[in-house]
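Student: To start, I am sharing the structure in question, which I have written as structure tokens.
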Amino acid sequence: MSLRGWTGLLCSIGFVLAVAGGARAAVPGVPAPDAGMDAARVLEAARVPSCVCEEERVELARYRDLVAAAATVEAAREKAAWPSRLARRALSVAGFVKRDSASLDATRARLLAYEERVAKAPDAAAAAAEFEGLVRVAGDVHVGGHKGGCTYDATEVIAIIFGFILFIIPGIILLIVFC
């Protein structure tokens, strides 16, 4: 990696850690990450959606349609893989917080498998179908004790926040995949 790449990565890491720390500090009574962080409150403080609700579903459908409308299969593959690569970048940053996280490793493997399928897509419609398969939500995904409640550990929360910082789609992908 070039010096410019390392500098950008370090700046990104610092920013995410500052946001995550600031989010935790802004929510009174949230325990330290090792003591069982309340993900819903931290994500809310960071202004991350607490669910994959109608607005997020519309954004995912819009992006799927953008992939399907690509002029070439190469352009569709690139559009379909781009949010996944950003989500993996968010996982890398979160990995600095906790290096041996099984959930990060499983999510990274799932995203890489998705990118491999996208790379083999014969046309734009197939690339869009792969994207739709990755982000398909079986039911309402809500953070915490709500309907379909999902629980996230501290490392996953940092990855999700960074995913939303990079672009809304990687953040939504991580909300779904970690659930």
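The values are calculated or read from the model by the stated rules, or taken from the named source; none is laboratory data. Small disclaimer: the values here were computed from a predicted structure and weren't measured. Because the Cβ atoms are built from the backbone with ideal geometry, glycine has one as well, and the counts that use them run over all protein chains shown.
Student: Just give me the residues in region 77-114 being closer than 14 Å to I165 by Cβ and among the β-branched types (V, I, T), in sequence order.
Tutor: Looking only at region 77-114, we keep the residues that are closer than 14 Å to I165 by Cβ, and these are 83, 86-87, 89-94.
Selection gives V93 alone.
Student: So, of the residues in region 72-109 that are hydrophobic (A, V, I, L, M, F, W, C) and not in a helix (DSSP H, G or I), which turns out to be farthest from E156 (Cα to Cα)? Write out each step before concluding.
Tutor: So in region 72-109, the residues hydrophobic (A, V, I, L, M, F, W, C) come out as 73, 75-76, 80-82, 86-87, 90-91, 93-94, 96-97, 102, 104, 106, 109.
Right, trim to not in a helix (DSSP H, G or I) and you get 96-97.
Details: F96: 12, V97: 10 Å.
Selected residue: F96.
Student: Condition (residue is crowded, with 19+ Cβ neighbours inside 10 Å, farther than 17 Å from C179 by Cα, among the basic types (K, R) and modelled with pLDDT of 95 or more) applied to region 70-78: is it met by at least one residue?
Tutor: Yes: one or more hits.
Student: Taking the options R110, R117, R85, name whichever one is over 15 Å from the mean Cα position of the chain (by Cα) and either within 19 Å of L60 (Cα to Cα) or in contact (Cβ under 8 Å) with a residue 24 or more places away in the chain (or both). Lay out the reasoning, then the answer.
Tutor: On the way: R110 fails: over 15 Å from the mean Cα position of the chain (by Cα); R85 fails: over 15 Å from the mean Cα position of the chain (by Cα).
None of the other options fit; the residue is R117.
Student: Are any residues in region 45-56 surrounded by 15 or more Cβ atoms within 10 Å (Cβ to Cβ) and either assigned to a loop (DSSP other than H, G, I, E, B) or in contact (Cβ under 8 Å) with a residue 40 or more places away in the chain (or both), and if so, which ones? Don't jump to the end; show me each part of the working.
Tutor: If we filter region 45-56 for residues that are surrounded by 15 or more Cβ atoms within 10 Å (Cβ to Cβ), which is where we start, we get 45-46, 48-52, 56.
A46, V48, P49, S50, C51, V52, E56, listed by residue number.
Student: Turning to a different aspect of this structure: Scan region 125-145 for residues that are closer than 17 Å to I172 by Cβ, out of contact with any helix residue (DSSP H, G or I) (no Cβ under 7 Å at 6 or more places or on another chain) and at pLDDT below 90 and jot them down.
Tutor: Those that are closer than 17 Å to I172 by Cβ, out of contact with any helix residue (DSSP H, G or I) (no Cβ under 7 Å at 6 or more places or on another chain) and at pLDDT below 90: R136, A138, G139, D140, H142.
Student: May I ask you to list the residues in region 92-124 that are among the hydrophobic types (A, V, I, L, M, F, W, C), surrounded by 13 or more Cβ atoms within 10 Å (Cβ to Cβ) and modelled with pLDDT under 95?
Tutor: V93, A94, F96, V97, L104
Student: Mind telling me which of the residues V58, V42 ends up being under 18 Å from I161 (Cβ atoms), under 17 Å from the mean Cα position of the chain (by Cα) and hydrophobic (A, V, I, L, M, F, W, C)? Give the steps one after another, and end with the answer.
Tutor: Working: V58 fails: under 18 Å from I161 (Cβ atoms).
Exactly one of V58, V42 is under 18 Å from I161 (Cβ atoms), under 17 Å from the mean Cα position of the chain (by Cα) and hydrophobic (A, V, I, L, M, F, W, C), namely V42.
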